[in-house]
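Structure first, then comments.
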Amino acid sequence: MTDSSSYPRVLVVGQAFNLCCGGGITLSNLFEGWPRDRLAVAAVHGQVMDRHMCDHYVLGSDETVWTWPLSLLRRTATPPSGTDTQGPADGRAQSRGSALHTGHAARMLYAGIDGLGVLDELRSLRMSPPLRAWIRGFAPDVVYSQLGNLPMMSLVEQIIDEFDCPLALHIMDDWPSFLYRSGALQGVVRADMERRMRSLTNRAASLLTISDAMAAEYEARYGRAFLSFHNPVDLKHWDELAAAYRVVPSSSADRPLHIVYAGRVGTGNADSVLDVAEIVSEMSSRGERIAMQVNTPDADTPVAIRIAEYPGVVVTPGGEYARVPSLMEAADILLLPLDFDERSVRLMRLSMPTKVSEYLASGRPVLTYAPRGSATADYARGDEWSIVVDERDPAALRRALESLIHDDALRRDMGTRARQCAVENHDAGRVRTQFRAALTVGAARA
């Protein structure tokens, strides 16, 4: 029986527990097994919220403050605040509140604000009386946040100040290097963000990142040690789910080898998925035994529709998370794509996609198509569970796919190394114990 008193009471601010996005999945897997009464989330509205993990408070109109003149337009557009008692019934994010004003004057105003790059200086999140009372009733020992922008930084500062709580800061991608880089006043906004980030980093009791590469760079950047916590996988449960929903592929000798990508398609990976789809289609039309499946919750977006137009490539809508293990296990090759444009490289260079540990748990070979120097490409190359194409070169991509198609032993050996890497680096039992220790130590430093 779990001794609840040995777990600190954690208030998560910003990201909700869910199985719909990388941040929510990682959060859910790290906190799985935490006593429900020792977790609470103050979540940004619009997210799916997993109610079995804990109670949620939805940050809305009571906490959102818009500076004039945006206060005139946003007053009725911000969804209401309150405790989440029902949550989305169909697993999709729901929007509450009235539609945003879109008249000509409003559009002109927003265009001017975008030109200045000051939107997040004109809005803030504050503790409202209902939120303050809700937090006081929960009585947190530690505040955990992934932050993400200036308004969230401001709210976290207020909470840790008023309730004298230690902070556990977890960085999922390098947004401090990415945000607020457009607009005439971007320098002013970035300076404010960097000042707040350094202040919160200096004050935090626990400093966490998503990858070893990020931990090393952030230690150099902020002068404090960071621990790396990526999405853990409960390997026993993963195998049980894979078996429960297992799809047995055809045993025909000329059956096409299936390359599978599972996850979102959009900012940071859409161009690379398109590149691979084009090469797979070309190879398939020449008689190579290869086909591609893109399983994504973004199946109805323009980019997914473009991907589906390639012969030999199918796009399927993302289903329930419990079926992900069987989907990955049924693949012959798993695709791990990141885009090569400057904007994507800046955002994703130090990040580690949530699906990496899940791919490894599946014991399947991986094709990593990601920029040289990215944490993802370096990890894949270093542990040899993937063929890595780290430049946007169609010929190199084609050669990598041909190697995987024609070398059964290569695929088998890479899959074995992938599973071993999952056991050594991402086993949920070990990672959750270390994560709990990091937050417990942080809470004790208060």
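The values are calculated or read from the model by the stated rules, or taken from the named source; none is laboratory data. Keep in mind the model is a prediction, meaning the values are calculated, not measured. Cβ atoms come from the backbone with ideal geometry, glycine included; neighbour counts cover every protein chain shown.
Quick check on region 168-176. Is at least one of its residues at pLDDT 95 or above, surrounded by 20 or more Cβ atoms within 10 Å (Cβ to Cβ) and in a loop (DSSP other than H, G, I, E, B)? No.
In region 50-64, what residues are assigned to a loop (DSSP other than H, G, I, E, B) and either within 18 Å of Pro140 (Cβ to Cβ) or not assigned by TED's automatic domain parsing to the domain that holds Gly14 (or both)? Steps first, answer last, please.
Residues of region 50-64 assigned to a loop (DSSP other than H, G, I, E, B): 50-54, 60-63.
Hits for region 50-64 are Met53, Cys54, Glu63.
For region 273-351, which helices (runs of 4 or more DSSP H) that fit wholly inside it have 1 or more residues that are on the phi > 0 side of the Ramachandran plot and at pLDDT 95 or above?
Output list is empty.
Of all residues in region 180-220, exactly one satisfies the criterion of being among the aromatic types (Phe, Trp, Tyr) and at pLDDT below 90, namely Tyr180.
Let's see how each residue does on (1) under 22 Å from Asn29 (Cβ atoms); (2) in contact with an Asp or Glu (Cβ under 6 Å, 6 or more places away or on another chain); (3) aromatic (Phe, Trp, Tyr); (4) at pLDDT below 95:
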| site | (1), (2), (3), (4) |
| --- | --- |
| Val366 | yes, no, no, no |
| Ala370 | no, no, no, no |
| Arg381 | no, no, no, yes |
| Thr416 | no, no, no, no |
| Ala422 | yes, no, no, no |
| Asp427 | yes, no, no, no |
| Val431 | yes, no, no, no |
| Gln434 | yes, no, no, no |
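Residues checked against (1) over 27 Å from Glu194 (Cα atoms); (2) in contact with a Cys (Cβ under 8 Å, 6 or more places away or on another chain); (3) not hydroxyl-bearing (Ser, Thr, Tyr); (4) not assigned by TED's automatic domain parsing to the domain that holds Ser403:
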site	(1), (2), (3), (4)
Glu217	no, no, yes, yes
Gly223	no, no, yes, yes
Glu240	yes, no, yes, no
Ala244	yes, no, yes, no
Arg264	yes, yes, yes, no
Thr267	no, no, no, no
Ser281	yes, no, no, no
Ser285	yes, no, no, no
Met292	yes, no, yes, no
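All of Arg224, Arg198 fail the test of being free of Cβ contacts under 8 Å to residues at least 40 places away in the same chain and in a helix (DSSP H, G or I), apart from Arg198. The single condition from (1) at pLDDT 60 or above; (2) within 24 Å of Asp173 (Cβ to Cβ) that Arg92 fails is (1). Only one of these is part of a helix (DSSP H, G or I), in the same structural domain as Pro8 (by TED's automatic domain parsing) and over 25 Å from Asn295 (Cβ atoms): Gln434, Gln420. Name it. After applying the criteria, what remains is Gln434. Filtering region 392-429 to residues that are buried (at least 20 other Cβ atoms within 10 Å of the Cβ) and closer than 18 Å to Leu274 by Cα leaves Leu397, Ala400, Leu401. Just to be sure before I move on: is Ala331 among the small types (Gly, Ala, Ser), surrounded by fewer than 20 Cβ atoms within 10 Å (Cβ to Cβ), over 30 Å from Thr201 (Cα atoms) and over 18 Å from the mean Cα position of the chain (by Cα) in the structure I sent? In short, no.
If you check Pro337, Pro365, Pro371 for being surrounded by fewer than 22 Cβ atoms within 10 Å (Cβ to Cβ), touching a residue at least 24 places away in the same chain (Cβ under 8 Å) and assigned by TED's automatic domain parsing to the domain that holds Met283, only one passes: Pro371. Do we have Asp55 as at pLDDT below 90, surrounded by 14 or more Cβ atoms within 10 Å (Cβ to Cβ) and charged (D, E, K, R) here? Considered against the rule, which asks whether it is at pLDDT below 90, surrounded by 14 or more Cβ atoms within 10 Å (Cβ to Cβ) and charged (D, E, K, R), Asp55 comes out as yes.
For region 127-176, a tally of residues being touching a residue at least 60 places away in the same chain (Cβ under 8 Å) and of a type in the set (Gly, Ala, Ser) returns 5. Only residues that are touching a Phe, Trp or Tyr at 6+ places or on another chain (Cβ under 7 Å) and part of a loop (DSSP other than H, G, I, E, B) were counted across region 353-388, and they come to 1. Among the residues of region 1-33, those that are free of Cβ contacts under 8 Å to residues at least 60 places away in the same chain, surrounded by 14 or more Cβ atoms within 10 Å (Cβ to Cβ) and in a loop (DSSP other than H, G, I, E, B) comprise Ala16, Phe17, Asn18. Answer yes or no: is there a residue in region 115-136 that is surrounded by fewer than 20 Cβ atoms within 10 Å (Cβ to Cβ), assigned by TED's automatic domain parsing to the domain that holds Thr26, assigned to a helix (DSSP H, G or I) and modelled with pLDDT under 60. Taking every residue of region 115-136 in turn, at least one turns out to be surrounded by fewer than 20 Cβ atoms within 10 Å (Cβ to Cβ), assigned by TED's automatic domain parsing to the domain that holds Thr26, assigned to a helix (DSSP H, G or I) and modelled with pLDDT under 60.
Applying the criterion of being loosely packed, with under 15 Cβ neighbours inside 10 Å and in a helix (DSSP H, G or I) to the residues of region 234-272, the residue that is nearest to the chain's Cα centre (by Cα) is His237.
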